[in-house]
Each structure stands twice: as structure tokens, then as C-alpha cells.
Amino acid sequence: MSISRQTLAKYLKSGDVFVETGTRWGLTVLKALEIGVKVVHTIEVDPAMADTARRIIVDAYPQDAWKVHLYTGDSTCVLKSLICELNEPAIFFLDAHDASSPLPGELSVIVYHKAHAQDTILIDDVRIIKSGQWGFTLEKVLELLKQINPNYKISYEDGVVPEDILVARS
């Protein structure tokens with residue numbers, strides 16, 4: 001499920017750079033454009049879903065579609081290339097998954113690029129992480145976040161269920 005516009009707007013402001021893994025239909029991208037972001041980088045593993053999202057985004061915001069960079073591929077691999085090009089703080093929304101989740105790999109990419117230690121990171125589907133279904137624990141996620149920035153403050157926002165979105169920010 002996508003993050004609500006109200007929750008997203010607590011962390012994402014007009015002029016910000018937004019990075020999302022797991023584009024799906026592009027609904028979070030639409031919310032980011034409504035908020036007035038400077039640019040969106042969004043990654044979708046499924047080419048057909050990426051094409052659908054691209055059409056939805058262009059139909060909804062033809063005047064702002066140029067702000068959206070939609071990449072198709074494995075989110076960890078794409079993020080490795082993309083993060084090197086980010087030269088300003090970003091808000092990350094990590095929501096890529098299907099039967100498994102690339103979240104530990106995505107966080108490891110951010111760990112490696114310490115220039116992003118001040119960025120805000122939102123992680124969706126905490127309930128699934130806690131269930132162990134993806135093969136890693138919430139403790140592992142928190143450990144990786146602390147490697148990015150030991151001073152991160154961790155909080156939770158409501159998503160599909162209460163406290164389903166983890167927020168790490170300075």
C-alpha cells in the first residue's frame with residue numbers, strides 16, 4: 001500500500017528530492033508531485049508495471065512528468081548507480097517488495113554512501129518485516145539504519161496498519 005499524502009507531507013516538502021523503490025502504480029509519485037518536489041527518482045522491477053505507472057503519471061501531471069525519473073530494474077542495483085548522482089539531501093521511501101524484499105540491500109547501498117547520512121528514510125510494511133516473512137528482522141533494519149547515521153531518531157507512522165511505516169531522521 002502507498003503512504004498517505006498526509007503522512008508523506010510530514011517529511012517531504014516542496015523543492016525536495018524524493019527517491020522511491022517500488023513504484024507499482026505510481027501513486028506515491030503523484031502525491032510527491034502534489035507536494036511540489038523538485039525531482040522524483042522511482043524504481044520498479046516489473047517493466048509492465050513501470051510502463052503502466054509512467055502512463056498514469058503523465059496522464060495525471062503532464063506538466064510535471066519531466067520531474068519524474070522512472071527506472072526499471074532491481075532496486076538495489078539501480079540505487080547503486082542513482083545514489084552516486086544525488087548531490088543533495090533526499091527523502092527515501094523504501095517500499096520495493098513482492099514475495100521477498102531487497103530492503104537490506106537498499107539500506108546497505110545507503111550505508112556505503114555516507115554522504116546521505118542526513119537523509120530521511122521511510123520504510124513501508126514494518127508488519128511484514130516483524131513477521132520474518134522476508135528473512136530478516138526489524139533489529140537488522142535498525143542496525144543498518146544506525147550504520148547510516150547513529151543519531152537517527154526512529155519513529156513510526158500508520159500505514160496499512162498502525163505503525164507500519166518506519167521513519168529514520170536526524
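The values are calculated or read from the model by the stated rules, or taken from the named source; none is laboratory data. Worth saying up front: this structure is predicted, and the values here are computed from it rather than measured. Positions of Cβ are generated from backbone atoms using ideal geometry, with glycine treated the same way; all protein chains shown enter the neighbour counts. Ligands, DNA and RNA are excluded from the accessible area calculation, which covers all protein heavy atoms including side chains. Shrake-Rupley method; radii C 1.70, N 1.55, O 1.52, S 1.80 Å.
Once you place label points 7 Å from the Cα toward the Cβ at Lys13 and Val161, how far apart are they in nm?
3.4 nm
Which whole-number percentage describes the relative contact order of the chain, with Cα contacts under 8 Å and a sequence gap of 6 or more?
20 percent
In whole Hz, what ³J(HN,Hα) sequence does the stretch 102-119 give by Karplus (6.51, -1.76, 1.60; θ = phi - 60°), x for Gly and Pro?
These are the phi-based 3J(HN,Hα) values: x, 3, x, x, 4, 5, 5, 4, 5, 4, 5, 9, 4, 4, 9, 5, 9, 5 Hz.
What spacing in nm lies between the two simple spin-label points modelled at Ser108 and His69, each 7 Å away from Cα in the Cβ direction?
Label at Ser108, label at His69, 2.4 nm between them.
Give me the extension gain from Thr52 to Ser170: residue separation times 0.36 nm, minus the current Cα-Cα distance, reported in nm with one decimal.
Length gained, Thr52 through Ser170: 39.0 nm.
How many lysine pairs does the stretch 30-170 hold where the Cα atoms are under 29 Å apart and the two sit 8 or more places apart or on different chains?
Lysine pairs satisfying the spacing and distance rule in the stretch 30-170 number 26.
Sort Asp59, Asp125 by heavy-atom solvent-accessible area, probe 1.4 angstrom, most to least.
Details: Asp59 125, Asp125 0 Å².
Listed by decreasing accessible area, they come as Asp59, Asp125.
In whole angstrom, note down how far apart the Cα centers of the stretch 120-156 and the stretch 27-48 are.
Between the Cα centres of the stretch 120-156 and the stretch 27-48 lies a distance of 22 Å.
Between Arg5 and Ala60, what is the spin-label point distance in nm, taking each point 7 Å from the Cα along the Cα→C-beta axis?
Between Arg5 and Ala60, the label points sit 0.9 nm apart.
Enter the accessible area per residue of the chain (Å², integer; probe 1.4 Å; all protein chains in place).
That works out to 47 Å² for each residue.
When the solvent-accessible surface of protein heavy atoms is calculated with a 1.4 angstrom probe, in what order do Ser14, Ser100 fall, highest first?
Order by accessible area, largest first: Ser14, Ser100.
Give the long-range amide H neighbours of Phe93: residues separated by 5 or more places, or on another chain, with amide H under 5 Å away, using H modelled in the peptide plane at 1.01 Å from N.
Placed amide hydrogens put Val19, Glu20, Thr21, Leu122 under 5 Å from Phe93.
So if I place +1 on the C-beta of Lys and Arg and -1 on the C-beta of Asp and Glu, and nothing else carries charge, what would the dipole magnitude of the stretch 22-137 be about its Cα centre? I want it in debye, nearest 20.
Numbers: 10 positive and 15 negative charges, 32 e Å.
Here the size comes out at about 160 debye.
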